[in-house]
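Engineer: One structure, as structure tokens, below. Some questions next.
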Amino acid sequence: MKSLKIREGVDQPPSINPDVFASGVKKRKKYSVNEYVKGIRDGNRAILSQAITLVESSLPDHKSAARSIIEKCLPESSTSVRIGITGVPGAGKSTFIETFGLYAVSRGRKVAVLAIDPSSQQSKGSILGDKTRMEKLGNSPDAFIRPSPSAGTLGGVARKTRETIILCEAAGFDTIIVETVGVGQSETAVRSMVDFFLLLMLTGTGDEIQGIKRGIMEMADAIAINKADGQNRLAAETSRIMFQNALSLFPAGRSGWKPLALTCSALDGTGIKEIWDMIAGYVKFTEGTGYFEEMRKQQSVVRMHDVITDSLGSLFYSDERVKALIPVLEKELGKGSVTSYRAAEILLDKYFKK
């Protein structure tokens with residue numbers, strides 16, 4: 001046993017780089033409401049990002065400050081064109097938005113992209129990779145990309161997207177693009193917060209029209225068949241004609257605008273100018289008829305109802321008695337000893353009988 005020797009282990013590096021602390025990393029500064037508003041109006045991207053994070057926060061302490069910031073920024077809003085973009089999986093939404101955004105920037109516009117990433121129902125996490133997918137646009141000084149988790153919101157729209165639009169407009173962005181998770185959920189939410197709704201489609205995927213819900217096509221102000229390049233040009237044109245015929249069968253909307261079907265290639269840039277000109281034509285047309293302003297007023301009404309619903313939900317689920325009772329009722333539901341309707345009634349009674 002005397003021959004046994006214990007070797008000293010190799011010193012391991014610290015799990016945290018000591019240079020981080022040596023360099024004196026400062027904590028993120030906390031701003032007052034007025035400092036936030038001034039920074040946003042001055043176009044400070046860092047303050048804008050922090051303000052959006054504050055607005056998206058579910059912490060009760062942040063809600064009052066967020067509300068004040070939004071109210072102070074509201075007079076600066078309503079100066080942009082708001083464009084909603086959705087599409088079937090694989091339609092190339094991110095590539096299209098980058099190419100389209102770069103074209104808008106070349107026209108002297110300031111572009112903000114609110115890209116909604118789907119959240120996991122299990123972990124509630126989100127990849128938030130749109131800045132990586134839109135690297136060129138993200139590097140433009142006249143563009144701002146904000147990926148946000150959908151957090152399970154129906155339609156793939158982040159819970160605070162409406163408020164984020166207001167902040168971006170106050171920061172001077174005159175072209176707001178809202179990218180939804182994609183076709184398959186209700187897109188009514190995004191339709192109610194944008195001026196123009198674009199549906200991206202592909203060709204060569206079988207019966208394209210059967211692949212999407214009629215309601216989404218009826219909401220679309222235009223359909224763009226993407227990836228119309230190379231050997232796919234002819235097939236894309238055939239799909240365009242098919243979609244245009246399908247759109248003509250729908251009853252005319254209140255705007256009086258007749259939806260169009262176009263082809264484009266986000267890869268080589270063809271058709272992007274035509275889509276931009278079409279959207280500009282739509283804005284001019286609806287401003288002339290008064291529909292544009294009418295829609296903006298309706299969006300404010302929808303925003304009010306959303307705030308009410310969100311606030312009531314937060315108050316309900318933050319109630320200590322409700323929080324204590326929910327696990328009990330969930331177990332009863334699992335046993336089948338109570339119905340979902342009865343469980344909901346019990347929780348609501350508990351909340352309102354204070």
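Yes or no, residue by residue, for (1) acidic (Asp, Glu); (2) not in a helix (DSSP H, G or I):
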site	(1), (2)
LEU267	no, yes
LYS273	no, no
GLU287	yes, no
ARG303	no, no
SER311	no, no
LYS323	no, no
VAL328	no, no
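Engineer: While we're here: Six or more apart or on different chains, Cβ atoms under 9 Å: show the pairs whose first residue is in segment 159-174 and without any contact (Cβ under 8 Å) to a residue 60 or more places away in the chain and whose second is in a helix (DSSP H, G or I).
Structural biologist: Going by the 9 Å Cβ cut-off, the qualifying pairs are THR161/ALA189; THR161/VAL190.
Engineer: Oh, and also: Would you please name the residue that is farthest from PHE352 (Cα to Cα), looking only at residues in segment 299-318 that are touching a residue at least 60 places away in the same chain (Cβ under 8 Å) and surrounded by 12 or more Cβ atoms within 10 Å (Cβ to Cβ)? Reasoning before the result, please.
Structural biologist: As a first pass, look at segment 299-318 and keep what is touching a residue at least 60 places away in the same chain (Cβ under 8 Å): 299, 302-303, 306, 310, 314, 318.
The next check asks that each one be surrounded by 12 or more Cβ atoms within 10 Å (Cβ to Cβ); those that pass are 299, 302-303, 306, 310, 314.
On the way: GLN299: 30, VAL302: 26, ARG303: 25, ASP306: 21, ASP310: 17, SER314: 14 Å.
Step by step, filter segment 299-318, then rank; the result is GLN299.
Engineer: Among the residues that make up segment 175-190, is at least one of them modelled with pLDDT under 85, among the charged types (D, E, K, R) and farther than 19 Å from ILE70 by Cα?
Structural biologist: The first filter runs over segment 175-190 and keeps only residues modelled with pLDDT under 85, leaving 180-190.
Now narrow it down to the ones that are among the charged types (D, E, K, R): 187.
Next, from what is left, pick out any that are farther than 19 Å from ILE70 by Cα: 187.
So far as segment 175-190 goes, yes, one or more of its residues are modelled with pLDDT under 85, among the charged types (D, E, K, R) and farther than 19 Å from ILE70 by Cα.
Engineer: Would segment 106-116 turn up any residue that is assigned by TED's automatic domain parsing to the domain that holds TRP276 and assigned to a helix (DSSP H, G or I)?
Structural biologist: Here is the first cut: in segment 106-116, the residues assigned by TED's automatic domain parsing to the domain that holds TRP276 are 106-116.
Now narrow it down to the ones that are assigned to a helix (DSSP H, G or I): 106.
Checking segment 106-116: at least one residue is assigned by TED's automatic domain parsing to the domain that holds TRP276 and assigned to a helix (DSSP H, G or I).
Engineer: Tell me which helices (runs of 4 or more DSSP H) are completely within segment 1-78 and hold 3 or more residues being surrounded by fewer than 10 Cβ atoms within 10 Å (Cβ to Cβ), touching a Phe, Trp or Tyr at 6+ places or on another chain (Cβ under 6 Å) and at pLDDT 90 or above, or say none if there are none. Steps first, answer last, please.
Structural biologist: Values: elements: 18-22, 33-41, 45-56, 60-73.
Correct list: empty, since no element meets the threshold.
Engineer: Considering each of ARG321, ARG296 in turn, give the residue that is in contact (Cβ under 8 Å) with a residue 24 or more places away in the chain, basic (Lys, Arg) and either in contact with a strand residue (DSSP E or B) (Cβ under 6 Å, 6 or more places away or on another chain) or in the same structural domain as LEU348 (by TED's automatic domain parsing) (or both). Even if it seems obvious, please write down each step before you answer.
Structural biologist: Values: ARG296 fails: either in contact with a strand residue (DSSP E or B) (Cβ under 6 Å, 6 or more places away or on another chain) or in the same structural domain as LEU348 (by TED's automatic domain parsing) (or both).
Matching residue, one of ARG321, ARG296: ARG321.
Engineer: Report yes if some residue within segment 329-338 is polar (S, T, N, Q) and touching a residue at least 24 places away in the same chain (Cβ under 8 Å); otherwise report no. Lay out the reasoning, then the answer.
Structural biologist: We begin by selecting, within segment 329-338, every residue polar (S, T, N, Q); these are 337.
Remaining after also requiring touching a residue at least 24 places away in the same chain (Cβ under 8 Å): none.
There is no residue in segment 329-338 that is polar (S, T, N, Q) and touching a residue at least 24 places away in the same chain (Cβ under 8 Å).
Engineer: Quick one: which of ARG240, ARG254, ARG233 is part of a loop (DSSP other than H, G, I, E, B) and either more than 21 Å from LYS93 (Cα to Cα) or assigned by TED's automatic domain parsing to the domain that holds THR99 (or both)? Break it down into steps so the answer makes sense when it comes.
Structural biologist: On the way: ARG240 fails: part of a loop (DSSP other than H, G, I, E, B); ARG233 fails: part of a loop (DSSP other than H, G, I, E, B).
One residue alone meets the criteria, ARG254.
Engineer: Spot the failing condition for ASP268; the list is (1) modelled with pLDDT of 95 or more; (2) assigned by TED's automatic domain parsing to the domain that holds VAL190, and only one is missed.
Structural biologist: (1)
Engineer: Right, another one. Filtering segment 250-264 down to residues that are modelled with pLDDT of 85 or more and out of contact with any Asp or Glu (no Cβ under 7 Å at 6 or more places or on another chain), which residue is surrounded by the most Cβ atoms within 10 Å (Cβ to Cβ)?
Structural biologist: By that ranking, first place goes to CYS264.
Engineer: If you take the residues of segment 107-152 that are of a type in the set (Val, Ile, Thr) and more than 19 Å from ASN44 (Cα to Cα), which of them is modelled with the lowest pLDDT?
Structural biologist: Just the residues of segment 107-152 that are of a type in the set (Val, Ile, Thr), to begin with: 111, 113, 116, 127, 132, 145.
Those still in the list that are more than 19 Å from ASN44 (Cα to Cα) too: 116, 127, 132.
On the way: ILE116: 74, ILE127: 38, THR132: 60.
Ranking the qualifying residues of segment 107-152, first place goes to ILE127.
The values are calculated or read from the model by the stated rules, or taken from the named source; none is laboratory data. It should be emphasised that the depicted structure is a prediction, and the values quoted were computed from it without experimental measurement. A quick note on method: Cβ atoms are made from the backbone with ideal geometry, for glycine too, and the neighbour counts reach across all protein chains shown.
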